[in-house]
Amino acid sequence: LIQTAQEQRLFGSMFPAFDGRSSLYCAARLPADPLEFKLTASINERDREVTIVIKHVRDVDLSLIEAYIAGSLDSLPRDSLGFLDIAMRHQSSQRYLPIARSFFYPGERSTHK
């Protein structure tokens with residue numbers, strides 16, 4: 001999904017992070033809202049053209065993390081921390097095989113018995 005959109009230059013110079021389900025995070029607003037594009041996907045062993053629609057839902061306020069650390073915010077800012085988790089894992093998940101909260105080299109075998 002992300003690779004196809006980047007090949008079509010839909011994100012401009014931005015490198016968004018995708019959570020693999022339904023959320024896409026960008027450092028700035030998308031060039032269009034909503035942003036639509038088509039791609040071909042293999043569904044049930046048949047190629048089908050699908051339309052992807054990305055629209056702005058809300059902004060993530062990273063200053064809430066700083067406020068929580070400073071002690072001026074009582075509740076944990078889960079949305080902001082979730083965004084950071086996805087943003088930091090995205091590039092690694094493109095290069096390595098993610099399993100649970102770990103990353104492995106493709107083809108790596110466990111030495112545990």
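The values are calculated or read from the model by the stated rules, or taken from the named source; none is laboratory data. None of these values were measured; they are calculated from a predicted model. Here Cβ is always computed from backbone atoms with ideal geometry, including for glycine, and neighbour counts include all displayed protein chains. Please note that ligands, DNA and RNA were not included when accessible areas were found on the heavy atoms of the full protein model with its side chains. Shrake-Rupley method; radii C 1.70, N 1.55, O 1.52, S 1.80 Å.
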Taking the stretch 45-73 and keeping only residues that are exposed (fewer than 14 other Cβ atoms within 10 Å of the Cβ) and touching a strand residue (DSSP E or B) at 6+ places or on another chain (Cβ under 8 Å), one is left with ASP47, ARG48, GLU49, VAL50, THR51, VAL53, LYS55
Looking at ASP19, is it in contact (Cβ under 8 Å) with a residue 24 or more places away in the chain and acidic (Asp, Glu)? yes
The stretch 74-92, subset open to solvent by 70 Å² or more (accessible area, probe 1.4 Å), closer than 20 Å to ARG58 by Cα and part of a helix (DSSP H, G or I), residue modelled with the lowest pLDDT: MET88
Among the residues of the stretch 5-44 satisfying the criterion of being surrounded by 11 or more Cβ atoms within 10 Å (Cβ to Cβ) and polar (S, T, N, Q), which is farthest from LEU81 (Cα to Cα)? GLN8
